[in-house]
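Undergrad: Below you will find the structure I want to go over with you.
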Amino acid sequence: MRTQVAIIGAGPSGLLLGALLAKAGIDAVIVEQRSAEYVLGRIRAGVLEQVTVDLLDGVGVGARMHREGLPHDGFDLCFGGARHRVDLLGLSGGKRVMVYGQTEVTRDLMDARQAAGLATVYDAADVSVHDLHTASPRVRYRTGDEVHEIACDFIAGCDGFHGVCRQSVPPGDLRTYEKVYPFGWLGVLSRTPPVSHELIYASSDRGFALCSMRSHTLSRYYVQCSLDDKVEQWSDARFWDELKRRLDATAAAALVTGPSIEKSIAPLRSFVAEPMRFGRLFLAGDAAHIVPPTGAKGLNLAATDVGYLGHALIEHYRDRSDEGIECYSERALARVWKAERFSWWMTSLLHRFPDTGEFGAKMQRAELEYLVGSHAAMASLAENYVGLPMVA
Ligand code: APR
Ligand code: PHB
């Protein structure tokens, strides 16, 4: 088989890139190691920046998001038993975010791809990439006993943190930066109305907590937990009790509890691989970088990476210019590092670390008090939360 761009991975980055290329008439095949159902079974964050909304609208998959998604104009910071609103709309000069689950974004992109009859291979085993520094790189994979090969012009590594693409780059050509946080997030999904109409990010002596949502009837909550904790140790009753203890009294009293539909523990990590291009292989999304979920930047970074990459590939085929390809890594990384900083900062500010200590706790509290009392500091928080612009 031959195609122009072989995309590895059918997560949000791979699917959105596929949609951007299809719109420009560029031929692409997506190769995914899992089934579509498996990909849709993963629960991830759900706050979209305006640039992500625009990219989804641009490829014509925004209709359900605008119907069912919840535009949010602000969120609450909770500490010291009180809540303080961050007026995103007012502080950012009119920007808001869209609360719409990553699962739904993925489903919309998959449905549109299927309706357009675009090629996607699911359940591809032993995916490997070859000849990255030649004009005709290749992708190999197996379905059952059959081995397939795709010859292409470019390979887009959209295969997530554990994917094969980053691992196929010779170690000497790659520099990685990593910070592993000494705690995890225990997440619960429940068919209950959200405790508040906006998100609450809470910092307490007992650790961080987050109240989020997927709809008016579906809530997503998190509490900071130990990395040694097992999901089985967290009964629903224990989870709700712990969440309440980390919120202000009004929120704790208003919290509607119910059985969990999903419960899982996720570790927190900051990670960046540089550069994001090796010859004719590009890395995008989680394949190149990970942010801790505080601030919900992961999906948004994946979207803007492929925004840059799609643009670069369109320039290559339509305008015969490789400027975008040459600049892809630098452009994407400039935005990535700023989101890395913001996610790290929000994580550091709101969580209890094993070495936070009494002095550290005082510093966190002083920073939170400064933040909510300073228009400049709140404007900076809002500017980053709604998303920095995609600079060309
Ligand atoms: N071959 C083919 N596909 C692969 C391989 C492989 N060797 N390894 C992984 N994949 C697939 C995974 O099964 C997954 O469906 O690549 C896809 C990568 O998807 P994501 O992990 O969702 O990554 P990405 O599309 O970059 O989206 C980033 O996901 O983790 C969140 O917070 C992050 O929201 C952000 C988003
Ligand atoms: C979520 O809804 O899952 C969510 C929201 C905001 C975050 C992280 C996760 O910062």
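FYI, it's all coordinate maths here, none of it is from the lab. From a predicted model like this one, the values you see are computed outputs, not experimental measurements. FYI the Cβ positions are ideal-geometry reconstructions off the backbone, even for glycines, and counts take in every protein chain you see.
Undergrad: Order the peptides 39-51, 274-286, 242-254, 10-22 from the highest to the lowest mean number of other Cβ atoms within 10 Å of their residues.
TA: Numbers: 39-51: 19.8, 274-286: 24.1, 242-254: 16.9, 10-22: 27.0.
My ranking of the peptides, most packed first, is 10-22, 274-286, 39-51, 242-254.
Undergrad: Follow-up. Shape verdict for the stretch 325-383, please, from the Cα gyration tensor: rounded (a/c under 1.5), prolate (a/b greater than b/c) or oblate.
TA: On the way: a/c = 5.12, a/b = 1.80, b/c = 2.84.
In terms of gyration-tensor shape, oblate.
Undergrad: Also, quick follow-up: With Cβ to Cβ distances under 9 Å as the rule, what net charge do the other residues near Arg138 carry (K, R +1; D, E -1)?
TA: Values: positive: Arg140; negative: Asp131, Glu149.
Here the count lands on -1.
Undergrad: By Kyte-Doolittle mean hydropathy of at least -0.5 and Cα axial length of at least 15 Å, which whole DSSP H helices of the chain are selected?
TA: Working: long enough: 12-23 (16 Å, 1.29); 102-115 (20 Å, -1.03); 298-319 (31 Å, 0.00); 323-350 (41 Å, -0.22); 357-373 (24 Å, -0.28); 375-386 (16 Å, 0.40).
Within the chain the helices that satisfy the rule are 12-23, 298-319, 323-350, 357-373, 375-386.
Undergrad: Would you please give the FRET efficiency between Ala392 and Tyr38, computed as 1/(1 + (r/R0)^6) with r the Cβ-Cβ distance and R0 = 35 Å, to the nearest 0.05? Numbers along the way, then the final one.
TA: Working: r = 36 Å, r/R0 = 1.03.
Computed FRET efficiency for Ala392 and Tyr38 comes out at 0.45.
Undergrad: Continuing with this model, one more query. Take the Cα atoms of the stretch 1-156, build their convex hull, and give its volume per residue in Å³. Intermediate values should be presented prior to the final figure.
TA: Details: hull volume 25.3 nm³, N = 156.
Hull volume normalised by residue count: 162 Å³.
Undergrad: If we sort 294-306, 201-213, 365-377, 159-171 on the protection proxy, mean other Cβ atoms within 10 Å, highest first, what's the order?
TA: Values: 294-306: 26.2, 201-213: 21.2, 365-377: 13.2, 159-171: 17.6.
For the peptides 294-306, 201-213, 365-377, 159-171, the packing ranking is 294-306, 201-213, 159-171, 365-377.
Undergrad: In addition: Could you sort the peptides 91-100, 352-361 by per-residue average Cβ neighbour count (10 Å cutoff), highest mean leading?
TA: Values: 91-100: 19.3, 352-361: 11.8.
Those peptides, ordered most packed to least, come out 91-100, 352-361.
Undergrad: Going by a ≥ b ≥ c, the root eigenvalues of the Cα gyration tensor, does the stretch 68-112 fall in the rounded group (a/c under 1.5), the prolate group (a/b larger than b/c) or the oblate group?
TA: Numbers: a/c = 4.72, a/b = 2.01, b/c = 2.35.
It comes out oblate by the Cα gyration axes.
Undergrad: Suppose we keep just the alpha-carbon trace of the chain; what are its Rg and Dmax in angstrom?
TA: Gyration radius and largest Cα-Cα distance of the chain: 21.3, 64 Å.
Undergrad: Using Cβ contacts closer than 10 Å as the measure, can you line up Tyr222, Tyr38, Tyr122 from fewest to most? Mind showing how you got there, number by number?
TA: Values: Tyr222 23, Tyr38 12, Tyr122 17.
By the 10 Å Cβ count, ascending, the order reads Tyr38, Tyr122, Tyr222.
Undergrad: Given the Cα-Cα distance of Glu358 and Lys179 and 0.36 nm per residue of separation, how much length would full extension add, in nm? All intermediate terms of the calculation are to be shown ahead of the outcome.
TA: Values: separation 179, 0.36 × 179 = 64.44 nm, distance 2.31 nm.
Working it through step by step, the gained length comes to 62.1 nm.
Undergrad: Hey, what did the chain get for relative contact order, percent, Cα under 8 Å, at least 6 apart? Spell out each step's value before the answer.
TA: Details: 787 pairs, mean separation 79.6, N = 392.
About 20 percent, as a whole number.
Undergrad: R0 = 51 Å: FRET efficiency of Arg320 with Arg85, Cβ-based, nearest 0.05? Write out the running numbers ahead of the final one.
TA: Numbers: r = 51 Å, r/R0 = 1.00.
Once rounded, the FRET efficiency stands at 0.50.
Undergrad: Same structure, new question: Under 10 Å, Cα contacts only: if you run a Gaussian network model on the chain, which one of Trp345, Trp240, Trp185 comes out with the highest mean-square fluctuation?
TA: Trp345
Undergrad: Still on this structure: Taking 0.36 nm per intervening residue step and subtracting the Cα-Cα distance, what contour gain separates Ala151 from His130 on full extension? Write out the running numbers ahead of the final one.
TA: Values: separation 21, 0.36 × 21 = 7.56 nm, distance 0.96 nm.
Between Ala151 and His130, full extension yields an extra 6.6 nm.
Undergrad: Here's a follow-up. Checking the cross-link filter: which lysines have an alpha carbon closer than 27 Å to that of Lys263, excluding same-chain neighbours under 8 positions apart?
TA: Lys179, Lys230, Lys244, Lys297
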